[in-house]
Amino acid sequence: IRGVIHDFVKRELAGRAIDCQVALGDPQQPIVVPSGTIDLQVSAAGSEDLLGRRVFQIHLAVNGRFIKTVDATADIAAVVEVVVPVRSIKVDESIEVDDVTTERIVLYDLKQSFVTNPADVIGKAAVRPLPPQIAIRLGSIRRPFAVRKGDRVTIEAKQGGLSIQTVGVTKSHGELGQTITVSNVDSGKELRATVVAPGVVRVSF
């Protein structure tokens, strides 16, 4: 019974977990059936909560003839492969290929947003310290800053074939594509500009 429930739940979790754990509840009463080839089929009431304590209906047939349906209570957990650091990663530090690996962990709640693909963290930066061997959450990483507060940057202004460049100082950190405030060194005027490359921002006019 545990085996057929395991296979049933694993199919339910396809694409969300690589495996599952099933612990049948106690007491487990013996089930008397006629001799012959036993076939077990599983069904369960529809539920958003695929994990935790659940009740399954086990349909027993012997030699192709239906015998009875019994209820089976089981505690279900998901086995998920997550991305973990192999070393301590500091805030704002860029994550490289050799900094992470994958490990399997057991979850009782699939709503937790862990990173499952190493490619999703490579080249990103840590929002908070990431200790080794602890699963990385999606909210713990971000795109790296292309410019930092106080950086001297090139301010570009383009329109048609006309291009103007000057020097500015950033007022905040900024990722690629993000709009930040920069101060024009020559005029002292503050402008809103889009970060287009490391050390380069662009204003529209």
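The values are calculated or read from the model by the stated rules, or taken from the named source; none is laboratory data. Just so it is clear, the model here is predicted, and its values are computed rather than measured. Counting neighbours? That spans all protein chains shown, and the Cβs are built from the backbone with ideal geometry, glycine included. These area figures cover heavy atoms from the full protein model, side chains too; ligands, DNA and RNA do not enter into them. Shrake-Rupley method; radii C 1.70, N 1.55, O 1.52, S 1.80 Å.
In terms of the mean number of neighbouring beta-carbon atoms within 10 Å, the peptides 33-45, 103-115 order highest first as 103-115, 33-45. Measuring nothing but how far apart in sequence close Cα pairs (under 8 Å, 6+ apart) lie, relative to its length, the chain scores a relative contact order of 13 percent.
Remark: the range 148-205 carries a charge dipole of roughly 80 debye about the Cα centre, counting +1 on each Lys and Arg Cβ and -1 on each Asp and Glu Cβ. For the range 65-144, the fraction of alpha-carbon pairs lying more than 18 Å apart is 45 percent, rounded to a whole number.
Cross-linked pairs K90/K171; K124/K171; K68/K111; K90/K149; K124/K149; K158/K189: Cα-Cα separations exceed 25 Å for K68/K111.
Size of the chain from its Cα atoms: along the principal axes, largest to smallest, the extents are 93, 38, 23 Å. The charge dipole of the chain, taken about its Cα centre with unit charges on the Cβ of Lys, Arg, Asp and Glu (plus for the first two, minus for the last two), comes to roughly 580 debye.
Of interest is the spacing of the C-alpha centroids, which for the range 149-205 and the range 55-86 amounts to 59 Å. Of the accessible area of the chain, computed with a 1.4 Å probe over protein heavy atoms only, carbon and sulfur atoms account for 50 percent.
The distance from the alpha carbon centre of the range 1-40 to that of the range 92-141 is 32 Å, rounded to a whole number. Take the chain with all the other protein chains still there, run a 1.4 Å probe, and you get 59 Å² of accessible area per residue. Its alpha carbons give the range 125-205 an Rg and a Dmax of 15.6, 53 Å. When F56, F8, F145 are compared by accessible surface with a 1.4 Å probe, the order from highest to lowest is F145, F8, F56. Principal axis extents of the Cα atoms in the range 5-83, from largest to smallest and rounded to whole angstrom, are 49, 25, 20.
Computed about its Cα centre, the charge dipole of the range 54-130 is approximately 500 debye, with only Lys, Arg, Asp and Glu carrying charge at their Cβ.
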